[in-house]
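As structure tokens, the structure follows; a few thoughts come after it.
The values are calculated or read from the model by the stated rules, or taken from the named source; none is laboratory data. Worth saying up front: this structure is predicted, and the values here are computed from it rather than measured. For neighbour counting, all protein chains shown are included, and Cβ atoms are generated from backbone atoms with ideal geometry for every residue, glycine included. For accessibility, only protein heavy atoms count, side chains too; no ligands or nucleic acids. Shrake-Rupley method; radii C 1.70, N 1.55, O 1.52, S 1.80 Å.
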Amino acid sequence: MAKIPPGVGPRFPQVVVLVGATGDLARRKLLPGLFHLCSAGFIPGCRIIGVSLDELDVEGFRAAARSALDEFGSRKTTPAAWEAFAATLDYVPLSAGAAALRAAVDRAEASLGTECQRLHYLSVPPSAALTVVRTLGEAGLVERSRIVMEKPFGTDLASAVALNGKLHEVFQEEQIFRIDHFLGKEPAQNILAFRFANGLFEPIWNRNFIDHVQIDVPETLGLGKRAGFYEQTGAYRDMVVTHLFQILAFMAMEPPTALEPAPISEEKNKVFRSMEPIQPGDVVRGQYSGYRGEEGVDPDSDTETFIALKCHIDNWRWAGVPFYLRTGKRMAEGQRIISIAFREPPKSMFPPGSGVGAQGPDHLTFDLADASKMSLSFYGKRPGPGMRLDKLSLQFAMRDTGMAGEVLEAYERLILDAMRGDRTLFTTAEGIERLWEVSTQLLESPPPVRLYEQGSWGPKPVHQLIAPHAWRLPFERAWRDPNKVGS
Ligand code: BG6
């Protein structure tokens, strides 16, 4: 096992209360993530107490955890590592109540035999969050604890304000970690490095040089077993008001005074404060055909599985620069990109038909997929006689550096940060409430949902939304593969 450098793990052993322990997120990400953190030695001394509505016993929960690792774990599970992890697991059904939960935590702490800290991870829908918070309070599990709240945090401004108010009756703000796993992705943090560790790009990172920005996250995935959650949530609450706006803030914020939680949050929140309210006329909502026939979905459902919108940040840096956001389920491709289109030259001296401008403006593109790629496209001369121009590009892939190796998956990184009390990559109550505030008109008068074919790029009006520009995806030129000459 690789040695974990000192200071990377938490100071104290951890007792994790994982609420929603048999749900989709726990199975896909949280249990495999906790397994990796434990088995790689990041959290020596850890006990995990699963809690959910399912009436399981400990063995039943261990079996569920094992099947989650087999299905979704991206790393090898050796018998010894599994045995060690299984021994850390305990289970309490929610119906057993506060006293039973308290007893399980006491047992776990006694088995660790030293001062420890508690991490309550609430992987539950917004409607269930408060009941769980109250149970934790009743069980006396607030002391020495931190609480991780999954998104979406509330469903609109009023519910987010109410949730924050009630949450503060039980937990102090310093104990609350509102998670947005897109901020835990390596490529998202690399936006900060790229912008603020280099002198080259920051001078042109503004309205004088940038024409528009796209944040595009199409998914090929469908609902899986999440119809119950998704029907109440939809693409806007699931993805935009959360992940896409957080990424937008990293892209648009001013340089923070330090790479620390308060200055970073302050700059992100300034972006949100400058954001103009989202206008329903600037939004296209879609639903893939066949959605209403899926198990658990209302046959008359109005829930959007796709959304595209235009928004504006009305400050000195960005006034007049449209930001186009798009995401949806069952689309043609799974991608996560930020694409920055630069202004075109004011005048062209190239002869007609030379090709200048024919393939759109110069672009800087970040690929937020796990491989972390970047590309800068520009016009250059095609070799040979005359002056024919082609769109060329400089491309970078982290993979090619040989440094991509042991990346922590987004949830792993953020769980570890929460255990260490580092809130740099977490969102704040103020920021979230402001995002709900700019969403009010849209939530109150949403445009009608339009059907789109599964495997497509969304309903037709999505092209009018971005006109006179065009969506970068699908890419006209694929990423170059360094192993293929001429690609
Ligand atoms: C989750 C959403 O937060 O993010 C899902 O609830 C979505 O609907 C997922 O599929 C996408 O995350 P990732 O890390 O797979 O890009």
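Points worth noting:
- Mean Cβ neighbour count within 10 Å, used as a protection proxy, ranking 93-99, 323-329, 127-133, 209-215 highest first: 323-329, 209-215, 127-133, 93-99
- When the chain is described by a simple charge dipole with +1 on each Lys and Arg Cβ and -1 on each Asp and Glu Cβ, the residue from Phe61, Gly320, Met331 located farthest towards its positive end is Gly320.
- Total charge dipole magnitude, the chain, about the Cα centre, Cβ charges on Lys, Arg, Asp, Glu only, Debye to nearest 20: 1500 debye
- For region 475-480, 3J(HN,Hα) per residue [Karplus equation, 6.51 cos²θ - 1.76 cosθ + 1.60, θ = phi - 60°, Hz, x = Gly/Pro]: 4, 6, 10, 6, 4, 6
- Accessible carbon and sulfur surface of the chain relative to its total accessible area, %, 1.4 Å: 55 percent
- Evaluated with a Cβ-only charge set (Lys, Arg +1; Asp, Glu -1), region 229-369 carries a dipole of roughly 480 debye about its Cα centre, given to the nearest 20.
- The chain: relative contact order as a whole-number percent, Cα under 8 Å and 6+ apart: 17 percent
- Overall, the anisotropy analysis places region 130-266 in the oblate class: the square-rooted eigenvalues a ≥ b ≥ c of its C-alpha gyration tensor yield a/c not less than 1.5, with a/b not exceeding b/c.
- Region 382-487: C-alpha gyration tensor shape, a/c 1.5 cut-off, then a/b vs b/c: oblate
- Per residue accessible area of region 197-247, 1.4 Å probe, in Å²: 36 Å²
- Packing-based order for 71-78, 8-15, using average beta carbon neighbours within 10 Å, highest first: 8-15, 71-78
- For Lys151, a cut-off of 24 angstrom between C-alpha atoms picks up these lysines, skipping any fewer than 8 places away in its own chain: Lys29, Lys166, Lys185, Lys225, Lys268, Lys270, Lys310, Lys329.
- Relative to one another, the C-alpha centroids of region 389-403 and region 209-255 are positioned 26 Å apart.
- In this rough spin-label picture, where each label sits 7 Å from Cα along the Cβ direction, the Ala262-Ser145 distance is 2.7 nm.
- With Cα atoms, 0 to 90° folded angle of helix 186-196 axis to the chain main axis: 50 degrees
- P(r), alpha carbons of the chain - 20 Å bins starting at zero, rounded %: 22, 54, 22, 2, 0
- Residue-wise HN-Hα couplings along region 58-73, as the Karplus relation 6.51 cos²θ - 1.76 cosθ + 1.60 with θ = phi - 60° gives them from phi, are 4, 4, x, 5, 4, 5, 5, 5, 4, 5, 5, 5, 5, 7, 10, x Hz; Gly and Pro carry x.
- Gain in span if fully extended, Val161 to Glu344, counting 0.36 nm per residue against the direct Cα distance: 61.5 nm
- From phi via Karplus (6.51, -1.76, 1.60), per-residue ³J(HN,Hα) for region 136-152 in Hz, x at Gly/Pro: 5, x, 4, 7, x, 10, 8, 4, 6, 10, 10, 10, 9, 9, 7, 7, x
- CD proxy at 222 nm, helix term only [per DSSP H run n ≥ 4: -39500 (n - 2.57); per residue of the chain; nearest 500]: -9500 deg cm²/dmol
- Dipole of the chain computed with +1 at Lys/Arg Cβ and -1 at Asp/Glu Cβ about the Cα centre; of Thr257, Tyr121, Ser52, farthest Cα towards the positive end is Thr257.
- Peptide packing: for 276-284, 144-152, 292-300, the average count of neighbouring Cβ atoms within 10 Å per residue gives the ranking 144-152, 276-284, 292-300, highest mean first.
- For region 37-165, the average shadow cast by the Cα convex hull is 8.9 nm², which is a quarter of the hull's surface.
- Per residue solvent-accessible surface (Å²) - region 327-469, probe of 1.4 Å: 50 Å²
- Rounded to the nearest 10 degrees, the angle from helix 157-170 to the longest Cα principal axis of the chain is 30 degrees.
- Modelled this way, with points 7 Å down the Cα-to-C-beta line, the labels at Asp390 and Asp298 are 5.4 nm from one another.
- Net lengthening on full extension, Asp57/Asn483 (0.36 nm per residue, minus Cα-Cα): 148.3 nm
- Amide H contacts of Tyr379 (H built 1.01 Å from N, under 5 Å, at least 5 apart or other chain): Leu392
- Cut-off 20 Å (backbone N to label point 7 Å along Cα→Cβ of Trp316), residues of region 272-297: 272-276
- Length gained on full extension, Glu333 to Thr440: 35.5 nm, using 0.36 nm per residue less the C-alpha separation.
- Within straight-line cross-link reach of Lys381, lysines at Cα separation under 25 Å, skipping those fewer than 8 residues along the same chain: Lys347, Lys373, Lys391, Lys484
- Under 5 Å between amide hydrogens, built in the peptide plane, is the criterion, and for Gln287 it picks out Thr305, Arg450, Leu451, Tyr452 among residues at least 5 positions away or on other chains.
- Overall form of region 245-374 per C-alpha gyration tensor (a/c, 1.5; a/b vs b/c): oblate
- Here the label points at Glu406 and Thr114, each 7 Å from Cα along the C-beta direction, are separated by 2.1 nm in the simple model.
- Amide H within-cut-off set for Ile48, under 5 Å, with H built and near neighbours excluded: Val16, Leu89, Asp90
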